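In what follows, a single structure is set out as structure tokens and then discussed.
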């Protein structure tokens with residue numbers, strides 16, 4: 001791969017990073033903000049996601065219609081997302097339109113925050129929350145995060161709750177924006193066919209006047225507390241089970257071993273969970289995912305099945321987790337390594353994938369790590385490395401949640 005890494009600091013400390021490859025036929029740009037649900041006061045939970053929506057309602061220079069029309073005019077594939085730890089706004093375009101894409105993105109990142117737009121979008125987000133409540137997996141996941149992280153801000157829901165969104169004042173959103181969307185809490189990531197020096201000069205004119213803020217991020221002490229719960233709901237005819245336990249943080253070198261572990265035991269096809277409960281017909285699906293975060297991490301095990309099978313499914317999942325350090329084989333490691341390497345390579349073939357990678361690394365406080373170096377680290381992992389990781393982070397559920405259908409009359 002021929003990407004060349006470059007970086008620059010604007011006069012207000014906003015960081016610009018790029019991976020340049022003249023052979024690509026497109027270019028991508030994205031602003032990443034080191035803020036998400038974990039950075040919100042509990043009383044205004046959901047403000048990061050709400051604010052993401054408000055960006056597309058326009059600036060003092062553009063209406064919401066203007067924003068959409070201007071992106072369409074340059075043929076941009078654009079979007080945004082909010083997570084527990086970052087918010088991002090991005091576009092993928094032909095190289096000749098990259099400057100225009102960055103101009104539009106930078107403009108909407110200084111939103112007008114009009115009162116009428118605010119109230120209209122509040123209704124949209126409340127509908128989105130209602131849709132999540134109708135999704136059994138998301139409902140179970142949110143309750144497990146709240147049980148697992150308890151008073152830690154990682155327990156915050158990205159969408160917020162009906163109460164926090166309904167009661168959120170515009171003034172609190174404005175204050176949050178002024179604090180968290182400071183220049184030294186943002187990065188502009190670019191990738192593909194581009195002139196980095198030209199983009200740097202243009203970014204200085206567009207963003208160099210944005211104020212600094214040094215908002216920081218709290219890292220409170222955390223110890224997971226065991227808890228089990230079972231909820232009965234009307235809107236499902238399947239049973240669901242989730243299990244959560246500690247895993248390495250995203251900045252921990254053992255994250256690579258954890259990724260392989262989750263693949264081996266809980267990939268949706270060909271994993272130990274698959275052969276134990278899916279292929280046998282006990283469950284419709286069963287998975288294990290590794291989620292590395294800023295300073296913390298967790299494994300999430302999830303399965304869906306007929307209610308009569310839930311006890312047996314849970315028993316088998318626990319058995320596979322308990323025995324993994326002795327049952328894991330070299331062939332399984334090789335297959336998992338190949339799947340992860342392929343996924344990394346595929347995501348990195350497009351400039352948009354490279355751009356997202358750069359922005360996400362920065363948002364989690366990681367140094368820019370070349371893809372080739374990450375793939376080399378994965379390639380060098382041994383069974384001993386995985387077993388050592390399992391000793392430090394055993395697959396022993398701390399929080400267990402069950403979602404059962406209401407009994408039929």
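For the range 125-139, check the following and say yes or no: at least one residue is within 30 Å of residue 226 (Cα to Cα), part of a helix (DSSP H, G or I) and touching a strand residue (DSSP E or B) at 6+ places or on another chain (Cβ under 6 Å). Yes, the range 125-139 contains a residue that is within 30 Å of residue 226 (Cα to Cα), part of a helix (DSSP H, G or I) and touching a strand residue (DSSP E or B) at 6+ places or on another chain (Cβ under 6 Å). Where helices (runs of 4 or more DSSP H) fall entirely within the range 303-409, those with at least 3 residues that are closer than 20 Å to residue 292 by Cβ are at 330-348, 351-363, 371-379, 383-392. Here residue 75 fulfils each of the conditions (1) at negative phi; (2) outside any strand (DSSP E or B) apart from (1).
Scanning the range 205-244 for residues that are in contact with a strand residue (DSSP E or B) (Cβ under 9 Å, 6 or more places away or on another chain) and under 29 Å from residue 99 (Cα atoms) turns up 207, 210.
Filtered by the rule that a residue be touching a helix residue (DSSP H, G or I) at 6+ places or on another chain (Cβ under 7 Å), under 15 Å from residue 388 (Cα atoms) and in a loop (DSSP other than H, G, I, E, B), the range 246-282 gives 247, 248, 254. Just so you know, in the range 24-62 the residues that are in a strand (DSSP E or B) and under 20 Å from the mean Cα position of the chain (by Cα) include one that is surrounded by the most Cβ atoms within 10 Å (Cβ to Cβ), and it is 29. Do the conditions hold for residue 81, that is, is it in contact with a strand residue (DSSP E or B) (Cβ under 6 Å, 6 or more places away or on another chain), over 15 Å from residue 52 (Cβ atoms) and free of Cβ contacts under 8 Å to residues at least 40 places away in the same chain? No; evaluated as a whole, the condition is false for this residue.
Examine the range 63-70 for a residue that is closer than 20 Å to residue 203 by Cβ, assigned to a loop (DSSP other than H, G, I, E, B) and modelled with pLDDT of 95 or more, and state whether such a residue exists.
No: zero hits.
The values are calculated or read from the model by the stated rules, or taken from the named source; none is laboratory data. Just so we're clear, the structure is a prediction, and the values are computed from it rather than from any experiment. We place every Cβ from the backbone using ideal geometry, glycine too, and count neighbours over all the protein chains shown.
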